[in-house]
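The structure under discussion appears below in the form of structure tokens.
What follows is calculated from the coordinates using simple rules that are stated; it is not laboratory data. Computed from a predicted model, the values in this text were never measured in an experiment. Cβ placement follows ideal geometry from the backbone for every residue including glycine, while neighbour counts extend to all protein chains displayed.
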């Protein structure tokens with residue numbers, strides 16, 4: 001590993017690229033990931049994020065992303081988040097390879113799940129919003145996943161509510177062709193609807209109608225139902241939060257049979273039934 005650290009600073013661009021490719025292969029195994037995390041390679045690796053070679057930059061992002069999939073790796077990369085956010089901003093001026101954008105957003109999402117504050121302090125909500133409308137579904141998916149992580153802390157919820165045109169974009173993503181994009185967008189709305197400002201914004205955009213339409217969709221195939229499970233659970237939890245507002249409760253009382261059916265269906269997933277039961281309890285609550 002000490003020899004590889006020297007090669008990362010080699011004058012020959014191809015040497016650096018091949019070294020990064022080797023590190024990417026090493027991180028496919030737990031022993032390799034652990035060796036990299038305990039080495040002094042992260043610092044020279046981070047410097048290569050600005051390398052003139054696009055192949056080198058791509059290889060570095062692959063290594064960092066594979067590390068970020070592990071809690072220990074994500075923790076070690078938290079100090080890099082501000083720089084990763086700068087890279088995200090830089091891509092608005094220079095169109096980076098789309099693979100790099102996916103890797104970058106995925107790494108940011110993994111780190112933000114562990115601690116959202118570095119991303120929030122780096123204008124993360126505004127930067128991610130611009131990626132939510134990208135033509136590629138995998139970029140929309142990773143951007144929405146990162147946004148969901150940022151919306152967990154109270155400060156993140158507030159920033160999402162205050163960011164201009166963000167909630168309308170998320171409402172549009174609830175109808176995206178990609179189920180994972182819809183799921184991540186529902187997750188953001190679920191988190192934001194917890195605070196009063198989030199409830200008001202969501203009710204003003206008629207989010208409840210779209211969420212109910214998602215719950216009305218029926219999937220006969222087990223695989224499709226499994227993939228939609230998180231989307232259904234997030235939608236139910238979002239509706240539960242919105243039902244805490246009088247206007248939300250009034251509207252959901254008109255659709256109570258749908259929620260009751262979800263809560264009593266014996267073929268339904270247990271977690272979905274519990275989320276639906278909680279929604280019914282909140283909607284039917286009286287002082």
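The slack in the chain from residue 165 to residue 256, taken as 0.36 nm per residue of separation less the alpha-carbon distance, amounts to 29.7 nm. Return the calculated 222 nm mean residue ellipticity for the chain, to the nearest 500 deg cm²/dmol, obtained by summing -39500 (n - 2.57) across DSSP H runs with n ≥ 4 and dividing by the residue count. So the calculated ellipticity at 222 nm is -21500 deg cm²/dmol. By its C-alpha gyration tensor, with a ≥ b ≥ c as the square roots of the eigenvalues, how is region 108-205 shaped: rounded for a/c under 1.5, else prolate for a/b larger than b/c, else oblate? Judged from the Cα gyration tensor, region 108-205 comes out oblate (a/c at least 1.5, b/c at or above a/b). Oblate is the label for region 1-104, because the ratio a/c of its alpha-carbon gyration tensor axes (a ≥ b ≥ c) is 1.5 or higher and a/b is not greater than b/c. Spin-label model, residue 97/residue 285: points 7 Å from Cα along the beta carbon direction are separated by 5.2 nm. For the chain, the longest principal axis of the C-alpha atoms and the axis of helix 54-68 are separated by about 60°. Shape class of region 146-287 from the alpha-carbon gyration tensor: oblate, with a/c at 1.5 or above and b/c at least as large as a/b.
The value of relative contact order for region 206-287, using C-alpha pairs under 8 Å at least six residues apart, is 32 percent. Give the separation of the Cα centroids, region 1-80 to region 207-253, in Å. Computed from Cα coordinates, the inter-centre distance equals 42 Å.
Label reach from residue 55 (point 7 Å along Cα→C-beta): in region 1-33, amide nitrogens under 20 Å belong to 4-27.
Approximating the spin labels as points 7 Å out from Cα along Cα→Cβ, the residue 29-to-residue 219 distance works out to 3.7 nm.
Placing R0 at 51 angstrom, the Cβ-Cβ distance between residue 123 and residue 266 gives a FRET efficiency of 0.60 after rounding to 0.05.
Using a cutoff of 8 angstrom between alpha carbon atoms and counting only pairs six or more residues apart, the relative contact order for region 146-287 works out to 21 percent. Angle of helix 270-283 to the longest C-alpha principal axis of the chain, folded into 0 to 90 degrees and rounded to 10: 50°. The simple Förster model, with R0 at 22 Å and r as the Cβ-Cβ distance, assigns residue 135 and residue 90 a FRET efficiency of 0.65.
What FRET efficiency, computed as 1/(1 + (r/R0)^6) with R0 = 25 Å and r the Cβ-Cβ distance, is obtained for residue 154 and residue 22, rounded to the nearest 0.05? For residue 154 and residue 22, the calculated efficiency is 0.05.
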